[in-house]
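These notes concern the structure reproduced below.
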């Protein structure tokens, strides 16, 4: 099995790096965001208070806020101040700034009361978490007993030659910077057994972990029926 290689601990902080991240997300990740919103609606989640952990430049939160027939009050958090500023700008450009708040916060110590949210979501941030058990504990604390959790991330699939070749092929359509960042993100990500082991050490309950999005992602869903 290919060994996990954690990313550097510092957030994407410099403004130039934030701008490049935002451009790449708008260019390459929008299909994933739209799929995630589809998945949320398919679960019957169409209203309520939402927490987006590791919101980045806010594009997933913005996409969810625009979902037809839905009404959400969304809070997005990120550890990077410049990323949060970018998210606020993106929300204003999308004319949804009245539906979303963006805050600077660490996921391991959330500044919210117990049972605050109907739905907690996160996309492509799990592999950044320095203390994943602490984050899962915080997720379980702030989500309501009747609430739901969906956390999606890359899956470390480089140990499989077939999927490694698929990733290589897809990355040919990216520029050099984003191609390199994606491969590093995949190597920093977890396998499904690893995620299951981490969650068993946390207080998160009633969950399942499965492959997602043509098997190259993994998905954690809590409050499963």
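For the stretch 59-88, the residues whose backbone nitrogen is under 17 Å from a point 7 Å from the Cα of residue 146, taken along Cα to Cβ, are 71-73. Please give the direction-averaged projected area of the C-alpha convex hull for the stretch 1-131, in square nanometres with one decimal. Mean orientational projected area (the stretch 1-131, Cα hull): 9.0 nm². Note on the stretch 72-129: Rg/Rh from C-alpha atoms, Kirkwood Rh, equals 0.96. Each DSSP beta bridge with both residues in the chain is either parallel or antiparallel, and the antiparallel ones are about 35%. A helix-only calculation puts the chain at -11500 deg cm²/dmol for mean residue ellipticity at 222 nm, using -39500 (n - 2.57) for each DSSP H run of at least four residues, averaged over all residues. Spacing of the modelled spin labels on residue 46 and residue 7, each 7 Å from Cα toward Cβ, amounts to 3.5 nm.
One decimal place: the segment residue 192-residue 81 gains 36.8 nm when fully extended, by the rule 0.36 nm per residue minus the C-alpha distance.
Contour minus end-to-end for residue 201 and residue 93, with contour as 0.36 nm per residue of separation and end-to-end as the Cα-Cα distance? Could you put the intermediate results ahead of the total?
Details: separation 108, 0.36 × 108 = 38.88 nm, distance 4.12 nm.
Roughly 34.8 nm would be gained on extension.
All of the numbers you see were taken from the coordinates with simple rules; none came from a lab. The shown structure was predicted, so the numbers you read here are calculated from the model rather than taken from an experiment. Backbone-built Cβ (ideal geometry, glycine too); neighbour counts: all protein chains shown.
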